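Here the structure is laid out as structure tokens; the discussion comes afterwards.
The values are calculated or read from the model by the stated rules, or taken from the named source; none is laboratory data. Everything quoted here is computed from the prediction, not taken from an experiment. When we count neighbours, we look across all protein chains shown, and the Cβ atoms used for this are built from the backbone with ideal geometry, even at glycine. Each accessible area value is taken on the protein alone, full model and side chains, heavy atoms only, with ligands, DNA and RNA left out. Shrake-Rupley method; radii C 1.70, N 1.55, O 1.52, S 1.80 Å.
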Amino acid sequence: MTSRLDAITQRMSKLMLKRWPMLAEVCSEDGCSVPLMRDPVTNATKCVWHDARELFPDECFDEEEDVEQPKHYDDSELVKEDEKLDTPKTAIAEDELNELRRRKREQSD
């Protein structure tokens, strides 16, 4: 499984080897933000992500299966780790607050 970034990088590299310049403009379709490439023959601008079927007809394009989608942050594992603690979370926060107060008193003395 390839990441989206890897797929984009590989495709851009292939086009650059074929003398396609990378432009400063980026694809604005669906918030894509991939740098656009210019066809050296026709001067048409193309996105290696959205125009991939046209530019790379030999690739497999079942995007849902072949390209690893961005992972969303899941904090359920962190919650499980917190549940293993013997001390309740409020007691930990209270201890930290007391420590901060103690340090502040020491600095002011």
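Considering the conditions (1) under 29 Å from I8 (Cβ atoms); (2) part of a loop (DSSP other than H, G, I, E, B); (3) modelled with pLDDT under 90, D86 is excluded by exactly one of them, (1).
Taken together, the residues in the range 15-31 that are open to solvent by less than 100 Å² (accessible area, probe 1.4 Å) and either touching a residue at least 40 places away in the same chain (Cβ under 8 Å) or within 17 Å of D58 (Cα to Cα) (or both) amount to 1.
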